[in-house]
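Visitor: Can you read through this structure? Questions will come right after.
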Amino acid sequence: MTSPIDLLRRQVSDLHQELVRYDLVVWTAGNVSGRVPGEDLFVIKPSGVPYDELTPDTMILCDLDGNVVEGDHAPSSDTAAHAYVYRHLPEVGGVVHTHSTYACAWAARGEAVPCVLTAMADEFGAEIPIGPFALIGDDSIGRGIVDTLRGHRSPAVLMKSHGVFTIGRDAKAAVKAAVMCEDVARTVHISRQLGQPLPIAQDDIDSLNHRYRNVYGQQRAAR
Ligand SMILES: [Zn+2]
């Protein structure tokens, strides 16, 4: 029998390769974590290990204060932010952080990505909001993520002058949100080059998002 923690180590390790596949990370930047179901524990990437050397065994098991419970390496330098999110948003089962290019271009300007495409209304249900400028080293990044995303439809926040944090019901959903965030940040950026993207009426955003979450295909299971 494979334990739930071993399964999660495998899943979180494999999901890091999706960040590479979708071109969301360079060098050792970026990280994925996943909450251990029913326990006050999560699994996260080790700090400073190249993506092609990540294996289930190198993943770090932490408690919700960010302390290492099991692992041979130091955990990701963003562990405190992930831990803060898990402590304060009990429905969240996965967290992802990237410095993906187009999303960071918006973060660098401190500008939210407006909801101007139906696919964005589906996935995000709103603009992708800007979180506060926050330095690494204490709870301020985690607090900024939670304060921005609590009660917001978007599973992604652009932390000002920094990068993307996404949340999901599990680690896979958070990775999907990170992939989609970069995709819409890129498209809306390109649209801006030739003019002003047209807004979508709030009623239409609401109904698109409602349909996507509740009616459309297998999406509810996939989120
Ligand atoms: Zn970062």
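Visitor: Given H placed on each backbone N at 1.01 Å, which residues far from residue 154 in sequence or on other chains put an amide H within less than 5 Å of it?
Guide: Excluding prolines and chain starts, which carry no amide H, there are no hits.
Visitor: Indicate, rounded to the nearest 5 percent, the antiparallel portion of the DSSP beta bridges found entirely in the range 4-222.
Guide: Working: 24 of 27 bridges.
Of those bridges, close to 90 percent are antiparallel.
Visitor: Please list, by residue number, everything in the range 119-163 whose backbone N is under 18 Å from a paramagnetic label point 7 Å out along Cα→Cβ of residue 190.
Guide: Only 119-121 pass the distance filter.
Visitor: Measuring from a point 7 Å past the Cα of residue 207 along Cα-to-C-beta, which residues in the range 101-119 have an amide N at less than 15 Å?
Guide: In the range 101-119, the label zone of residue 207 (backbone N under 15 Å from the point 7 Å along Cα→Cβ) covers 118.
Visitor: Can you tell me which of 137, 66, 38 moves the most in a GNM of the chain? Springs connect C-alpha atoms under 10 Å apart.
Guide: 38
Visitor: To the nearest 20 debye, what is the magnitude of the charge dipole of the chain about its Cα centre, counting +1 on the Cβ of each Lys and Arg and -1 on the Cβ of each Asp and Glu?
Guide: Numbers: 20 positive and 28 negative charges, 122 e Å.
Dipole about the Cα centre, nearest 20: 580 debye.
A short reminder: the numbers here are calculations on the coordinates, not readings from a lab. None of these values were measured; they are calculated from a predicted model. In this analysis, Cβ positions are derived from the backbone assuming ideal geometry, glycine residues included, and neighbour counts consider all displayed protein chains.
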